[in-house]
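The values are calculated or read from the model by the stated rules, or taken from the named source; none is laboratory data. Computed from a predicted structure; not experimentally measured. Glycine also receives a Cβ, built like all others from the backbone with ideal geometry; neighbour counts cover every protein chain displayed.
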Amino acid sequence: MSDTTSEPPAKRKCLGVDCPNDAGTLQCPTCLKLGMTDSFFCSQDCFKKNWSQHKTVHKTAQGKTQNGTFRSITPPKAVTKPDIGNGLYNPFPTHHFTGSVRPVYPLSPMRTLPKSIRRPDWSETGIPKAEQRLSRTKIEILDAKAQEAMRKVCRLAREVLDITAAEVRPGITTDYLDEVCHNACVERDSYPSPLNYSHFPKSLCTSPNEVVCHGIPDQRILLDGDILNLDISIYHGGYHADLNETYYVGDRARANPDAIRLIETTRECLDMAIKLVKPGTLFRDFGKVIEAHAKSRGCSVHATWGGHGINTEFHPPPWIPHYAKSKVPGVCKPGMTFTIEPILTLGKPKEVYWPDDWTNTTVDGKWTAQFEHTMLVTETGVEVLTARLEDSPGAPIPIPIADEGIST
């Protein structure tokens, strides 16, 4: 602990879980190194007592948590010269890219919203302070009113995803999809949850081909034959919703047996896990089904990323693992809302980061796919709050009987 010379604001609450005391001048030294200047505790003893839970805040800030949170963005260390004709450039020319996808800059300016739209606490500062203070073992049980609020925000999120997905086609940029998503959120009096979350610069995540997750929308043009994950999260009425799907870009993608096997197996893994959701099911049970089905199709599960709780906060507990043999504690109870969102690959389930500190790709350049739903545990089972509609884009495609493994 560090004893700072400046006094914290009057009656600042100690970050110790359930600690009734006001904070003193003691701050966590690791938080200070990470640029987090609001981590005050009442005493050394309280800090030590809460260390095992508080240190997850550091991992969140560094993007190492296994609950789907984002990493903090850093400016590029080197850039190529902008193309004379169009001004576009690769901001990381010395980076070893594992696949064919490259960042295409400049990024468009961060999009704005009307002042009337309700915002989460990170909208101005980029720091999810309330989320950082959460106990990682206390899982919220929603009452009837809160459940209705979740139904509404999830319905709106499904609309936003479907509107954005309807625009997926060869020849458009992922930045254009970000604009479509952003505008659809504004039209629904909703805030796009990723926007400025730990300084993420865009309103959704676009992850093509070998990008595992958290791709930043930019000026890259989608090609016929690509696959693309759209990860949509919105904030409305004080509650968040989160869902994503992977889509085929053009006819070449829809005719690629490897892409079909990858995408449809991932979709099926999510559906099979959802069937297990009911009171009494262990959080670790979902991963057993997901990994078994993935392996049966020659796929591997990315264990780094998992599902997470979601309600008035974006990433509260619990964390939901997608792999077998997990020792994560916890059991489903009526009133819980959380996501399940497996990521599969036909290559090695390991990731490397681009220098933007957000975009992570497979180590071998093999493609990945992901699907996600937000769900409510009911007294008798589960209600999938972000379920597909009959006219939702991106319907399943039958998996070819003969396939030889991914070739991309």
Problem - Restricting the stretch 224-264 to residues that are among the acidic types (Asp, Glu) and without any contact (Cβ under 8 Å) to a residue 60 or more places away in the chain, the residue that is farthest from Phe200 (Cα to Cα) - result: Asp251
Handout entry: Residues satisfying the stated conditions in the stretch 375-396, i.e. surrounded by 17 or more Cβ atoms within 10 Å (Cβ to Cβ), over 20 Å from Lys152 (Cα atoms) and either hydrophobic (A, V, I, L, M, F, W, C) or in the same structural domain as Ile141 (by TED's automatic domain parsing) (or both)
Key = none
Problem - Candidate set: the stretch 5-32, residues that are among the aliphatic types (A, V, I, L, M) and closer than 15 Å to Cys46 by Cβ; chosen: the one modelled with the lowest pLDDT - result: Val17
Practice task
Can you give me the number of residues within the stretch 128-150 that are assigned to a helix (DSSP H, G or I) and within 30 Å of Pro201 (Cβ to Cβ)?
Solution key: 6
Fill in the blank from the handout: Among Val363, Val352, Val301, Val328, the single one that is assigned by TED's automatic domain parsing to the domain that holds Ile263 and more than 29 Å from Pro103 (Cβ to Cβ) is Val328
Fill in the blank from the handout: In the stretch 232-275, anything more than 25 Å from Asn311 (Cα to Cα), small (Gly, Ala, Ser) and crowded, with 19+ Cβ neighbours inside 10 Å is listed as Ala253, Ala259
Problem - Flag for Lys278 being assigned to a loop (DSSP other than H, G, I, E, B), surrounded by fewer than 21 Cβ atoms within 10 Å (Cβ to Cβ) and over 21 Å from the mean Cα position of the chain (by Cα) - result: yes
Practice task
Kindly check whether there is at least one residue in the stretch 114-127 that is part of a loop (DSSP other than H, G, I, E, B), surrounded by 14 or more Cβ atoms within 10 Å (Cβ to Cβ) and of a type in the set (Val, Ile, Thr).
Solution key: yes
Problem - Subset of the stretch 304-315 (residues that are within 19 Å of His214 (Cβ to Cβ), touching a helix residue (DSSP H, G or I) at 6+ places or on another chain (Cβ under 9 Å) and not acidic (Asp, Glu)) - result: Gly306, Gly307, Ile310, Phe314, His315
Practice task
Quick one: in the stretch 75-98, of everything that is under 30 Å from Cys185 (Cβ atoms) and modelled with pLDDT of 95 or more, which residue is surrounded by the fewest Cβ atoms within 10 Å (Cβ to Cβ)?
Solution key: Leu88
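Give the residue that is surrounded by the fewest Cβ atoms within 10 Å (Cβ to Cβ), with candidates limited to residues of the stretch 342-374 that are among the hydrophobic types (A, V, I, L, M, F, W, C) and assigned to a loop (DSSP other than H, G, I, E, B).
Val363
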Exercise for the section: Say whether the condition of being in contact with a Ser or Thr (Cβ under 6 Å, 6 or more places away or on another chain), surrounded by fewer than 23 Cβ atoms within 10 Å (Cβ to Cβ) and in a loop (DSSP other than H, G, I, E, B) is met by at least one residue in the stretch 296-307. Expected result: yes
Practice task
Out of the residues in the stretch 152-174 that are touching a residue at least 40 places away in the same chain (Cβ under 8 Å) and surrounded by fewer than 18 Cβ atoms within 10 Å (Cβ to Cβ), state the one that is nearest to Pro393 (Cα to Cα).
Solution key: Ala166
